[in-house]
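Have a look at the structure below, then the notes.
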Amino acid sequence: MTRLRRHSDAGQAFPIYIMVVAGLLFLAFAYLAVGQAAANRNGAQTAADAAALAAALDTRDKLADLWVDNVGDPATWQDIFDGGGVPFDGCVRAAQLAAQNEATAQCLSANGLPPGYTVDVTTNKSVGESIVPGTESVHSKATATAVIEPLCTFEPPGDDSDEDTLPTLTCQGVEWILKPDDLTDLPEPEDLFDVHLAD
């Protein structure tokens with residue numbers, strides 16, 4: 001009698017065991033699908049961040065070059081620090097960086113204050129096949145905005161300012177004494193402007 005009961009108990013437990021194993025396998029595949037989606041999404045965000053920063057850095061360098069070209073005319077400085085005087089064509093650079101990160105970018109420049117770029121990217125690779133139907137055709141998307149902010153302040157020249165002197169430029173606590181007859185030591189682009197991702 002006892003032996004028969006043991007065989008009977010074992011027979012009843014086997015289907016439960018199979019169901020538990022199947023459930024665990026399903027959960028494992030579900031976690032894998034979530035991990036695939038998260039990795040794809042992280043790749044999209046990385047591509048968006050890199051593309052937006054590349055576009056903003058490209059324009060920052062042009063603004064810095066324009067300031068150097070006009071360093072002898074301080075009346076133009078503020079407009080340059082506000083992002084004026086150069087074409088906001090950094091979207092070309094954004095597209096290049098997105099392509100390097102296996103994504104496609106749509107870029108929009110913003111000439112407001114602070115100026116910058118907003119980039120939307122879509123990954124070229126899909127999330128991939130998983131137990132979730134349709135993921136093989138789903139592509140991750142992400143958005144990033146990078147802005148260009150001036151790091152320097154100065155006293156604008158008045159009507160009676162001496163043309164042989166230039167305003168002192170203060171950049172993050174560092175004073176640049178600019179002499180019209182000796183302009184060999186000038187701030188670098190990173191001294192003049194900060195480029196960062198917007199919150």
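Laboratory data are not the source of any read-out in this text; all were calculated from the coordinates shown. As the structure is a computational prediction, the values presented were derived from the model and not from experiment. Ideal geometry is used to build each Cβ from the backbone, glycine not excepted, and the neighbour counts take in all protein chains shown.
A few points about this structure:
- Of interest is the spacing of the C-alpha centroids, which for region 170-199 and region 89-112 amounts to 27 Å.
- If R0 is 41 Å, the Cβ-Cβ spacing of VAL138 and ILE177 corresponds to a FRET efficiency of close to 0.10.
- Each of THR122, THR184 has some number of other Cβ atoms within 10 Å of its Cβ, and from fewest to most they run THR184, THR122.
- Applying 1/(1 + (r/R0)^6) with R0 = 35 Å to the Cβ-Cβ distance of THR76 and HIS196 gives a FRET efficiency near 0.90.
- Net charge of neighbours whose Cβ lies under 14 Å from the Cβ of ALA54, counting Lys and Arg as +1 and Asp and Glu as -1: -1
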